[in-house]
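Okay, so here's the structure we're looking at.
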Amino acid sequence: MSGSTKMKLFLSYLRFSFICVILLNCYASGQEMETMEQFFKSGHTNNWAVLVDTSRFWFNYRHVANVLSIYRSVKRLGIPDSQIILMIADDMACNPRNPRPATVFNNAHQHINVYGDDVEVDYRGYEVTVENFIRVLTGRLPPSTPRSKRLLTDDRSNVLVYMTGHGGDGFLKFQDAEEISNVELADAFQQMWQKRRYHEVFYMIDTCQAESMHQKFYSPNILAVASSRIGEDSLSHHNDNTLGVYIIDRYTYYALEFLEGVSPDSKKTMGQFLQACPRRQCISTVTVRTDLFQRDPDKVLITDFFGSVRKVELSNNYIQLDNIPLTIFPSQTCDGDACEKDKGNEKRIQRGPRMQYADPFPVDSYIKGVSVSDNSRH
Amino acid sequence: MCVVVGVPLWWKTTTVYRVQLPYSEIADLNTSRVTFVVDFTVTVFDERFDAQDLSQFANKLKESLDAAGKVDDRLHVEYRGKVREAYEEELLLLRQMRSVEVDNTVVDFDHELYMAKLDSDNSEYTFTVLPPSKLDKAVVGKQRVSHLPAMGDLGSLVEPLSHLLRHVYINEAAMLKTFLWARGARRTQPDKESMRAFRSHPGYDVTFTLMNPQPDLLQVEWHIQDAVDAYLGRLLKALSPYADISVKSQCVHYTGLGIRPVKDDTRNCYKLKHEKLPHVINAIEPYLSSHVSNNPSLNFIVYVPSRDQSPLHITDANDDLSTTDAFLSPRWGGVLVYNVATPPENATYPHKVMLDMRRVMEVFVSQLRLLLGVNPQTASGDVTVLQPGNNIISEWELDQWLCGRCLENIASAAATLQALAQLLAEIGNIVINDDIGHEVQVAVSAIKKSKEFLSLGRLNDAFLSSKQAIISSEKAFFDPSLLELLYFPEDQKFAIYIPLFLPISIPVILSIMSSVKWLRSKDEIKVKSE
């Protein structure tokens, strides 16, 4: 990388940290606002998740188990499939080498089937590319892309981005063919920020030298956690002899263990989650980056990112409408004389021809039409 | 020869194709001020005042409004008004209006005045000054007309009139907030208004869902198509030039709430506590999502409680029952719990139940207004705001909505272009093809046009231009071609070039060195020969 780019990044980093400092001050001065009702507590209204497994082949079974663990958790905690973009580079559940088809477990004792009952994979196999991933984040998808493959976030969306695969210092490998660099990733987030495609991002990565992936971030409101430092490997948790391969990675294993104890109305915080895997369990050092994030992780509910706790507001006021009789059938509220009266005043509502469903099994017409010449048997 | 042909050829084939974009114009758009003109007329019906009073009043009013017009450095509202005496036809209408004691007289007068259409096409805000015998309190009409009683002299009306104009018709504070928010000021405290409503979008998908967990016991029927036509039709028609709203409905059977309501023995009902309501949404969300369009979807759900949890009511934070049993979720939609009577003992199952669509629509229509960003009416003590009734949206509310959305569109289209320009400036080797250049040009000129229309007071045209601006700017920003060649680290460039150039460069450098040697030796020989 050239010196000037480095300098620029450093300057922009300085700028943002400066803004963050100012904001923290503003926040402190607005402490009386702390008594805000639930509606205000966090500034997001919807949650999205982008979960990516970048490696294929059977010996990378553990990466699929990783991503499915997080998928299972966010779905259990309330993010609907329509707001989860799941990218899985290989199909382990239906791999011919899988002795237990249609399952992916989080440990050798088959404790949790992270494959579950309904997994909706949005990008699979060779669709999992750097290009597609960046396109999903930045929204630069071809017009024909279906809604389920788009990240339709807005300025009030909290986005969870989870990645797992084989990485190195400054890159994450996609499918043995290409890699995404940390600069590209940081630029993608910056573009999302500029187009107001997120409110806050929680970035989580489980790979070797994972810290390098969030080092280059410079957009505000990102909280990042990585499973290992630069120079460290992220290790797998244990081997499953029936599979013949490692079953899950350490960091995600403990993250899943933590998330299993979270319910949609839980009061656990992100601060607790960030300490879910201490060094003695992970063997690598989990690194956290909080300087871009404006709130204190200890005061952020874990469901702000992993769940989808919508804000609600009771609607006690409403516009009063005059009754317009809908006249096809007499409504239940009128009986006897009242109905008769209504019929006199009834005003048919103008509208087009009523739509009808086609009969999916036209047995009657088939029998009537064909029975005469039903000589040949098929 | 090699240099003359080769260098330009190399230059030509390796430059990245970039259409020239109007960078300075884009920067200007983001910083320039938006001026918005509001025309209004004051019609004096009270015959006590003569022409001189009127002109004095006009001057005072102008002074007061000019002082107030500067909302912010970035947003100016200019009020242009005229004061006139009422026409004969109008006075005739006034005479038909009975005295203040009789209810609804103002409503009728408001309507009659609108139907008479004396002021060109009723597109200006009009304030009627009525004798106090006819009216005792300021009334905001359903169209663009407000009625004020002339209690004292005309001078005392300046204050209430400018209040109505600035804070009811043109909600200056809200307008400024949406404008700055769209421009990128995101560091203010989150507030309900900006979180609740969807951002301006060319289209919305509305889905009405009837949830019946026990279709074997209750055959719940609703005339949703008729109800949408009847109650929502006018709103959809009013908004149709400005936004594509598609309406669908569906019935979902055998699906419960996902959480167990609490039994309340004292009230003899089941209750859903306020803090549990978000989880209600989580459980039903999988059945709602639209897979077809990319528009934001608004979901409205009628839930008929199952028999073992009936009647079901929603309680607020103080454990009081909600009056409507309905709640709203910002940028998502609304849910209504609709309790129906338990079928009589000898009924044959499934028992047929018909929903009262007026009740359903009253709630949903109000929620829809909020979600689309129609500001809730702020009725203060001394002003009565006439309810829009079955029109759902008053004409002045529609104006306000259009104006807010127009400013939002202008600001966010300009911000999008700015972001795009910045991205393209930062990344030198990104291709900008003709399509993007075209869309950017269209967006820039549409923003300019929209601003111009605003400064002429032509709100409708201004909104349509701003809509074009936002569509074009988004199209340019999200163009799929803007992704390729996003980033090449310098070390990778070297890694590509070195295997190519190193084998070639060794003989080249060696031959250069030997030729230099040879030239030098030639010089030496020359020297020697001399």
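Please work out if B:K177 is within 30 Å of B:T35 (Cα to Cα) and open to solvent by 20 Å² or more (accessible area, probe 1.4 Å). Judged against the criteria, B:K177 is a match.
All of (1) touching a residue at least 60 places away in the same chain (Cβ under 8 Å); (2) surrounded by fewer than 13 Cβ atoms within 10 Å (Cβ to Cβ); (3) not assigned by TED's automatic domain parsing to the domain that holds B:L135 hold for B:S24 with one exception: (1).
Does B:G203 meet the test of being within 10 Å of chain A (Cβ to nearest Cβ), surrounded by fewer than 19 Cβ atoms within 10 Å (Cβ to Cβ) and under 30 Å from B:S473 (Cβ atoms)? Here the answer is no, as B:G203 does not meet what is asked. Among the numbered conditions (1) in a helix (DSSP H, G or I); (2) in contact with a strand residue (DSSP E or B) (Cβ under 9 Å, 6 or more places away or on another chain); (3) not hydroxyl-bearing (S, T, Y), the only one that B:E63 does not meet is (2). In a residue-by-residue description of region A:98-117, the property of being more than 22 Å from A:Y246 (Cα to Cα) and open to solvent by 40 Å² or more (accessible area, probe 1.4 Å) applies to at least one position.
Considering B:I284, B:I301, the condition of being more than 7 Å from every other protein chain (Cβ to nearest Cβ), open to solvent by less than 10 Å² (accessible area, probe 1.4 Å) and in a helix (DSSP H, G or I) is satisfied by B:I284 alone. Restricting region B:445-465 to residues that are under 17 Å from the mean Cα position of the chain (by Cα) and free of Cβ contacts under 8 Å to residues at least 24 places away in the same chain leaves a set whose member that is surrounded by the fewest Cβ atoms within 10 Å (Cβ to Cβ) is B:D461.
The single condition among (1) under 23 Å from A:L68 (Cα atoms); (2) away from chain B (no Cβ under 14 Å); (3) open to solvent by 40 Å² or more (accessible area, probe 1.4 Å) that A:C277 does not meet is (3). So, in region A:156-188, exactly how many residues are within 12 Å of chain B (Cβ to nearest Cβ) and within 12 Å of the chain's Cα centre (by Cα)? Residues flagged as within 12 Å of chain B (Cβ to nearest Cβ) and within 12 Å of the chain's Cα centre (by Cα) within region A:156-188 amount to 1.
Listed here are the residues, each with its yes/no results for (1) more than 18 Å from B:L372 (Cβ to Cβ); (2) touching a strand residue (DSSP E or B) at 6+ places or on another chain (Cβ under 9 Å).
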position	(1), (2)
B:A173	yes, no
B:L180	yes, yes
B:Q214	yes, yes
B:W222	yes, yes
B:V228	no, yes
B:R234	no, no
B:A238	no, no
B:K248	no, yes
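Among residues of region B:325-352 that are within 11 Å of another protein chain (Cβ to nearest Cβ) and more than 23 Å from B:H223 (Cβ to Cβ), those with a Cβ under 9 angstrom from a residue that is open to solvent by 10 Å² or more (accessible area, probe 1.4 Å) and among the β-branched types (V, I, T), sequence gap 6+ or separate chain, pair up as B:F327/A:V312; B:L328/A:V312; B:S329/A:V312; B:P330/A:V312.
Restricting B:I393, B:I410 to residues that are open to solvent by less than 20 Å² (accessible area, probe 1.4 Å), assigned to a loop (DSSP other than H, G, I, E, B), in contact (Cβ under 8 Å) with a residue 40 or more places away in the chain and under 30 Å from B:S146 (Cα atoms) narrows the list to B:I393.
Taking the conditions (1) within 12 Å of chain A (Cβ to nearest Cβ); (2) assigned to a helix (DSSP H, G or I); (3) over 26 Å from B:V107 (Cβ atoms); (4) in contact with a helix residue (DSSP H, G or I) (Cβ under 7 Å, 6 or more places away or on another chain) in turn, B:I430 satisfies each one other than (2). Taking the conditions (1) at the interface with chain A (Cβ under 10 Å from one of its Cβ atoms); (2) open to solvent by 20 Å² or more (accessible area, probe 1.4 Å); (3) in contact (Cβ under 8 Å) with a residue 40 or more places away in the chain in turn, B:Y231 satisfies each one other than (2). Here A:F59 fulfils each of the conditions (1) touching a strand residue (DSSP E or B) at 6+ places or on another chain (Cβ under 7 Å); (2) assigned to a helix (DSSP H, G or I); (3) crowded, with 21+ Cβ neighbours inside 10 Å apart from (3).
The residues of region B:37-60 that are in a loop (DSSP other than H, G, I, E, B) and surrounded by 16 or more Cβ atoms within 10 Å (Cβ to Cβ), listed by number, are B:F45, B:D46, B:F49. Under 7 Å by Cβ, and 6 or more places apart or on different chains, what pairs join a residue from region B:256-270 that is open to solvent by 40 Å² or more (accessible area, probe 1.4 Å) with one that is hydrophobic (A, V, I, L, M, F, W, C)? The qualifying pairs are B:G258/B:V280; B:G258/B:A283; B:Y270/B:V262; B:Y270/B:L312. The residues of region A:171-188 that are closer than 27 Å to B:A425 by Cβ, open to solvent by less than 10 Å² (accessible area, probe 1.4 Å) and either among the acidic types (D, E) or in contact with a helix residue (DSSP H, G or I) (Cβ under 7 Å, 6 or more places away or on another chain) (or both), listed by number, are A:I180, A:L185, A:A188.
Would you mind stating whether B:Q214 is within 14 Å of another protein chain (Cβ to nearest Cβ) and within 19 Å of B:Y338 (Cβ to Cβ)? No: the conditions fail for B:Q214. Just one of the numbered conditions (1) farther than 19 Å from B:V158 by Cβ; (2) assigned to a strand (DSSP E or B) is not true of B:V83: (1). Scanning region B:142-163 for residues that are of a type outside the set (S, T, N, Q), within 30 Å of B:L235 (Cα to Cα) and surrounded by 19 or more Cβ atoms within 10 Å (Cβ to Cβ) yields B:K142, B:R144, B:V145, B:H147, B:L148, B:L161.
Restricted to region B:304-317, and to residues that are more than 11 Å from chain A (Cβ to nearest Cβ) and open to solvent by 30 Å² or more (accessible area, probe 1.4 Å), which residue is farthest from B:T342 (Cα to Cα)? Out of the qualifying residues, it is B:H313. When residues in region A:135-155 are screened for being facing another protein chain (nearest Cβ under 9 Å), open to solvent by less than 10 Å² (accessible area, probe 1.4 Å) and either touching a helix residue (DSSP H, G or I) at 6+ places or on another chain (Cβ under 6 Å) or among the aromatic types (F, W, Y) (or both), 2 of them pass.
One residue is enough: does region B:269-278 have a residue meeting the conditions out of contact with any helix residue (DSSP H, G or I) (no Cβ under 6 Å at 6 or more places or on another chain) and away from every other protein chain (no Cβ under 14 Å)? Within region B:269-278, one or more residues are out of contact with any helix residue (DSSP H, G or I) (no Cβ under 6 Å at 6 or more places or on another chain) and away from every other protein chain (no Cβ under 14 Å).
The values are calculated or read from the model by the stated rules, or taken from the named source; none is laboratory data. For clarity, every value in this text was computed on a predicted model and none was experimentally measured. Methodologically, a virtual Cβ is constructed for each residue, glycine included, from the backbone with ideal geometry; neighbour enumeration extends over all protein chains shown. The accessibility values were calculated without ligands, DNA or RNA, using every heavy atom of the protein model including side chains. Shrake-Rupley method; radii C 1.70, N 1.55, O 1.52, S 1.80 Å.
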